[in-house]
1. So for the pair residue 235, residue 19, with labels modelled 7 Å out along Cα→Cβ, what separation do we get in nm?
2. Charges on Cβ only, +1 for Lys and Arg, -1 for Asp and Glu, centred on the Cα centroid of the range 1-85; of 54, 25, 72, which one is farthest towards the dipole's positive end?
3. Can you name the helices of the chain, as whole DSSP H runs, whose Cα span along the helix axis is 15 Å or more and whose Kyte-Doolittle mean is not below 0.0?
4. What figure, in Å² to the nearest 10, do you get for the accessible area of residue 170 with a 1.4 Å probe and non-protein molecules left out?
5. Taking every pair of alpha-carbon atoms in the chain, give the share separated by more than 29 Å as a whole percent.
6. In square angstrom, rounded to the nearest 10, how much accessible surface does residue 68 have for a 1.4 Å probe?
7. May I ask you to derive the relative contact order of the chain, considering only C-alpha pairs under 8 Å and at least 6 residues apart, and to give it as an integer percent?
8. If I model a spin label as a point 7 Å beyond the Cα along the Cα-Cβ vector, how far apart are those points for residue 173 and residue 119 in nm?
Amino acid sequence: MRIRDGFPGQRLRVLPSAVVRAASQAGPASRLLVTDAGYFPHAANHGRVRARGAVGTIVIVSAAGRGWCRTPGGLHRIDAAQALVIPAGVPHEYWADDDDPWTIWWMHARGPDVGEFERDLARHAGPDDVAVVEVHDQVRVLADLERVVDALEADETYPSLLRCAGAGWSVLAQIGADAAAGSPVRGEPVRAAQEYLRTHLDAVVEVAALARRFGLSTSHFSARFRAATGGGVVEYVKRLRMARACELLITTELPVADIARSVGYPDPFYFSRQFRTVHSCSPTAFRQGAHDR
């Protein structure tokens, strides 16, 4: 027999409906309101069935063990360092694995920002009615979920709800970013390439050479880089270079030509043209405007 809660060492908070109604009317918490949150350690025999789904979006992050979720779209397995996201209104049943029950931090959230998160997650996590996302930085996500629970445990005042919303937004942002970046193992060559590009701004960029450096064909590397970043290598490098150039224009008195060379543009006139495509002004005008602010 499955049980909803009551696990030794658990933490659990649910906002009263009157507080939910009031907080949903206006203010930042109305954009993202965490209504329920908790922590269930080694939750043997844990399980819930919601034939009509939940009012809000459910986020469950498994810190250890394993769990399962069944929806109209199929059966989903949730391992440690994975997040289960069940959109509002999706019928579901979830439960802890009998042999290796999960330890979970979880929250229910609602509001327009949560709806935006659901839509963005669907673009990256695939067509299933729920998403199972590999969490890249489990410690950070779990720490933010603990902050959610801490805030709800403190009291139901507006400041606590705002703190809770901020921590909840961080949880959603990290899960969304992890879904967009893909599997940590599969995405490692892209992340390594990004780090290389960030630390070699003045290097000549050749996509084929970069792909070889990280053990992929040019076409495969380019496709994976675009999927992870939303754009191509050349545009990514240009944005990195222009961000560094802006910093130098604001914080130093270096001549524009020296800044251009330091970020990989031997020709200062070409650098100025590229700078203008990003910032709609020349480097000199940008520097003057920054000093005038």
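1. Taking the simple label geometry, residue 235 and residue 19 are separated by 4.5 nm.
2. Working it through, the farthest residue towards the positive pole turns out to be 72.
3. Details: long enough: 112-125 (19 Å, -0.99); 138-154 (24 Å, 0.42); 158-181 (34 Å, 0.71); 188-199 (17 Å, -0.96); 218-229 (16 Å, -0.35); 233-251 (27 Å, 0.53); 268-279 (16 Å, -0.62).
Answer set is 138-154, 158-181, 233-251.
4. Estimated to the nearest 10 Å², residue 170 gives 30 Å².
5. Details: 20919 of 42778 pairs.
Tail fraction, whole percent: 49.
6. Spelled out: residue 68, probe radius 1.4 Å, area about 60 Å².
7. Values: 502 pairs, mean separation 42.2, N = 293.
With pairs under 8 Å counted, the relative contact order is 14 percent.
8. 2.0
The values are calculated or read from the model by the stated rules, or taken from the named source; none is laboratory data. Treat the numbers as computed from the prediction; the structure is a model and nothing was measured. Backbone-built Cβ (ideal geometry, glycine too); neighbour counts: all protein chains shown. Accessible surface areas use protein heavy atoms only, side chains included; no ligands, DNA or RNA. Shrake-Rupley method; radii C 1.70, N 1.55, O 1.52, S 1.80 Å.
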